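Just so it is clear, none of the values below were taken in a lab; they were calculated from the coordinates. Since this is a predicted model, take the numbers as computed values, not measurements. Ideal geometry is used to build each Cβ from the backbone, glycine not excepted, and the neighbour counts take in all protein chains shown.
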Amino acid sequence: MFTLIPETPQDAFEVEYLFDLAFAPGREALSSYRLRDDVPQIRELSLVARDESGILAGAIRFWPVQIGPSAVPALLLGPIAVHPTHQGEGLGASLIFEALDRARDAGWKRVLLVGDAPYYGRFGFERATALQFPPPTNPDRLLAIELVDGALKGVSGMVRKYGNPGTS
């Protein structure tokens, strides 16, 4: 049994350790991290999963981004990780489903991520062919989900850092 609660600043060290454990060295060199630099994560959607002993078992984070010249708001999901001792227990799916429900309830309309289509497709994510992501990112790994029907209709362009006026 796991408890899913919003991440607090006191969780940060443990969560970063989990991400370091789950991902290859150099994860912070990825282009998705440039979109997160100096942008606060959305704490109420960034969740931690703790087991009955209070030990961190998983975590998911969200960041605001914007798309295209109209600066359409979206969420960037990631990173998400489950401790190796709890993999295969459905915890990753629980984190994703709970976080997407909370995002929808909070009024967000669309969520993006860079990941494996076969895994994230089961949650409703599809290739985001009208969007571009800062290089170097394989465009086949840029996925999106509408939390509100039609939320991606007509949305196109470069995904960029929240608050960055840039052009696309």
GNM on the chain, Cα springs under 10 Å; top mean-square fluctuation among Asp140, Asp101, Asp149 goes to Asp149
Taking R0 as 41 Å and r as the Cβ-Cβ distance between Asp20 and Lys153, the FRET efficiency 1/(1 + (r/R0)^6), rounded to the nearest 0.05, comes to 0.60
Candidates Thr129, Thr137, Thr85; GNM for the chain (alpha-carbon contacts under 10 Å) flags as most fluctuating Thr85
Quotient of Cα radius of gyration and Kirkwood radius for the stretch 26-146, i.e. Rg/Rh, equals 0.95
Distance in Å, no decimals, from the C-alpha centre of the stretch 35-67 to the one of the stretch 69-114 is 9
Calc'd 3J(HN,Hα), the stretch 84-93, phi into Karplus 6.51 cos²θ - 1.76 cosθ + 1.60 (θ = phi - 60°), Hz, glycine/Pro = x, comes to x, 6, 10, 5, x, 9, x, 5, x, 4
Residue span Gln10 to Ala117: 0.36 nm per residue of separation minus Cα-Cα distance leaves a gain in nm of 35.2 nm
Magnitude of the Cβ-charge dipole (Lys and Arg +1, Asp and Glu -1) of the stretch 113-168 about the Cα centre, nearest 20 debye, reported as 180
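What is the gain in length, in nm to one decimal, between Asn138 and Thr85 on full extension, counting 0.36 nm per residue of separation less the C-alpha to C-alpha distance?
16.1 nm
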In debye to the nearest 20, the charge dipole size for the chain, taken about the Cα centre with +1 at each Lys and Arg Cβ and -1 at each Asp and Glu Cβ, equals 720
Dividing the mean separation of Cα pairs under 8 Å (6+ apart) by the residue count of the chain yields a relative contact order in percent of 23
